[in-house]
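Note sheet for the following structure.
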Amino acid sequence: MAASSRARVLDLYRAMLRESKQFSAYNYRTYAIRKIRDAFRENKNVKDPVEIQTLVNKAKRDLEIIHRQREEGKERKR
């Protein structure tokens with residue numbers, strides 16, 4: 001994996017963890033963090049650039065979902 005794509009993947013990983021840590025519900029928070037860590041560990045040895053890009057795109061969509069769910073959770077509390 002090229003250094004730039006490695007940095008991009010690590011930034012995405014950190015962003016996903018950061019967003020997940022903001023879930024107010026303990027169960028949602030721990031589940032999301034565990035799933036993110038497991039998925040990134042499972043795919044850490046992927047070498048194919050096309051597959052890496054596919055996984056990065058999926059992670060970006062998942063990050064948007066996490067963000068949206070976290071925001072909806074905040075609105076429900078109000």
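Relative to the longest principal axis of the C-alpha atoms of the chain, give the angle of the C-alpha long axis of helix 49-77, reported between 0 and 90° and rounded to the nearest 10°.
Roughly 10 degrees between the two axes.
For the full complex of protein chains and a 1.4 angstrom probe, list VAL50, VAL9 by accessible area with the highest value first.
If we order VAL50, VAL9 from most to least accessible, we get VAL50, VAL9.
So which trypsin sites (Lys or Arg not before Pro) in the range 22-65 end up in coil per DSSP with only 10 or fewer other C-beta atoms within 10 Å?
Taking the range 22-65 and a limit of 10 other Cβ atoms within 10 Å, the loop trypsin sites (Lys or Arg not before Pro) found are LYS44, LYS47.
Rounded to the nearest 500, what is the 222 nm mean residue ellipticity of the chain from helices alone, with -39500 (n - 2.57) per DSSP H run of 4+ residues and division by all residues?
Taking each H run of at least 4 residues, the total per residue is -28500 deg cm²/dmol.
Counting pairs of alpha carbon atoms under 8 Å apart in space and at least six apart in sequence, what relative contact order in percent does the chain give?
Worked out over the chain, it gives 43 percent.
For helix 3-20, report the angle its Cα long axis makes with the longest principal axis of the Cα atoms of the chain; keep it between 0 and 90° and round to the nearest 10°.
Once rounded, the angle reads 10 degrees.
Could you estimate the translational diffusion coefficient of the chain from the Stokes-Einstein equation, with Rh from the Kirkwood formula over C-alpha pairs, at 37 °C and 0.692 mPa s, in whole µm²/s?
Calculated translational D: 248 µm²/s.
Give the accessible area for LEU17 in Å² (nearest 10); use a 1.4 Å probe, count only protein heavy atoms, and leave out ligands, DNA and RNA.
Counting only protein heavy atoms, the figure is 20 Å².
Return one number: the angle in degrees, 0 to 90 and rounded to the nearest 10, between the long axis of the Cα atoms of helix 26-42 and the longest principal axis of the Cα atoms of the chain.
For helix 26-42, the angle is close to 0 degrees.
The values are calculated or read from the model by the stated rules, or taken from the named source; none is laboratory data. All figures in this text were calculated on a predicted structure; none of them were measured in a lab. As a convention, Cβ positions derive from the backbone with ideal geometry for all residues, glycine included, and neighbour counts pool all protein chains shown. Calculation scope for accessible area: heavy atoms of the full protein, side chains included, ligands and nucleic acids excluded. Shrake-Rupley method; radii C 1.70, N 1.55, O 1.52, S 1.80 Å.
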